[in-house]
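The values are calculated or read from the model by the stated rules, or taken from the named source; none is laboratory data. Predicted, not measured: the structure shown is a model, and the values here were computed from it. Methodologically, a virtual Cβ is constructed for each residue, glycine included, from the backbone with ideal geometry; neighbour enumeration extends over all protein chains shown.
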Ligand SMILES: *Cc1c(COP(=O)(O)O)cnc(C)c1O
């Protein structure tokens, strides 16, 4: 009895099955379902970078694989260890920063973590700016001490304060060039001189300022960090980071750390960011021009108590911004309304076409309210010490037509004052 007839309970006397149809010729293996392959020949060289989502890469054999792992031949093995879209993107940011061998990470925080945790060990000490990005702040305050890495945070505008915080076990100084949201400018020249003199690594988060504002390696930074998520990618649709070091040994240690912990990026995000990067210069220039005009206009509007922009003469670090940023004052503007939370609510309600969202660097203008977002954890008193009140807004200025943007913001500020 055949298996089929047992399974289906057919008796041997059952009528014979219909004759099998003639089978078509065997399809070429790569068209036949699961067998890999099939990319058409003769596609030529695509103008746009293809997206390569493959997790794994074949190679010609054990000798060839050895050569790839040992870096004697170019190639890829496994996407967590590297993939073409990350390589293309890293090369382009390297060019902007005047760096070599930069690494693209799964987020800006992954890049910060790779620099700090990837290079330091228990018993080491980090001196950080006291107004770092929220999650970097948390890293300094909670995570590093938990791992036995000591931290001290001081005003990055004061190189002497940093000098005083350095201990024998200090290995790294971590600063941002322009702080959030009060846009204070770090004394990068002073800090770099100090780092050199004391043999401490200087890591600079250049997210706010971008290489269009400053290239920290030219000032003696050892490590440069970016949240690509923000201005570099520019379209709020990819979360990525970047870290580069001058010393190839440091690069290698960060690369191993990132691949071991899986901090590495998705090919699709890299592809989106690369696409955004092609217009970075144009976007930055337009957004900065818009920001400068807005910073000029805001003080004349009713109910505006103060305006912070490094390009303004009344900015406390204006002279330093002029010398450090060579006139590139960026796209961020912070201002404070009289009338506290109520005026703040009225402004957001009136600014219908401006997204109220706590991020920065999008093509479109976004406004954020530090007291209820980025700085909510610090408490009113600490916020007040920085100059942040319930009436304080930070604007990440976008690339809208300038007159249009100015009139939108002006209408919202006037409505808030009513
Ligand atoms: C956003 C930001 C980060 C973190 O980047 P993610 O891509 O969001 O992880 C780090 N530093 C600064 C200055 C940032 O603005």
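Laid out as a table, the results:
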| quantity | calculated |
| --- | --- |
| Residue that is surrounded by the fewest Cβ atoms within 10 Å (Cβ to Cβ) [pool: residues in the range 356-368 that are within 16 Å of the ligand (Cβ to nearest atom) and touching a residue at least 12 places away in the same chain (Cβ under 8 Å)] | 359 |
| Within the range 166-191, considering residues that are closer than 20 Å to residue 112 by Cβ and in a helix (DSSP H, G or I), the one farthest from the ligand (Cβ to nearest atom) | 191 |
| Condition met for residue 349 (over 22 Å from the mean Cα position of the chain (by Cα), at pLDDT below 95, in a helix (DSSP H, G or I) and surrounded by fewer than 15 Cβ atoms within 10 Å (Cβ to Cβ)) | no |
| In the range 192-218, residue nearest to the chain's Cα centre (by Cα) [restricted to those that are over 16 Å from residue 324 (Cα atoms), in contact (Cβ under 8 Å) with a residue 60 or more places away in the chain and more than 15 Å from the ligand (Cβ to nearest atom)] | 201 |
| Unique residue being surrounded by 13 or more Cβ atoms within 10 Å (Cβ to Cβ) and over 16 Å from the mean Cα position of the chain (by Cα) when the list is 44, 82, 108, 38 | 82 |
| Elements of type strands (runs of 3 or more DSSP E) contained in the range 86-165, each with 2 or more residues being farther than 26 Å from residue 228 by Cβ and more than 16 Å from the ligand (Cβ to nearest atom) | 150-154 |
| Conditions (1) surrounded by 17 or more Cβ atoms within 10 Å (Cβ to Cβ); (2) in a helix (DSSP H, G or I); (3) touching a helix residue (DSSP H, G or I) at 6+ places or on another chain (Cβ under 8 Å); number of the one not met by residue 321 | (3) |
| Some residue of the range 276-294 being outside any loop (DSSP other than H, G, I, E, B), closer than 19 Å to residue 407 by Cα and in contact with a strand residue (DSSP E or B) (Cβ under 7 Å, 6 or more places away or on another chain) | yes |
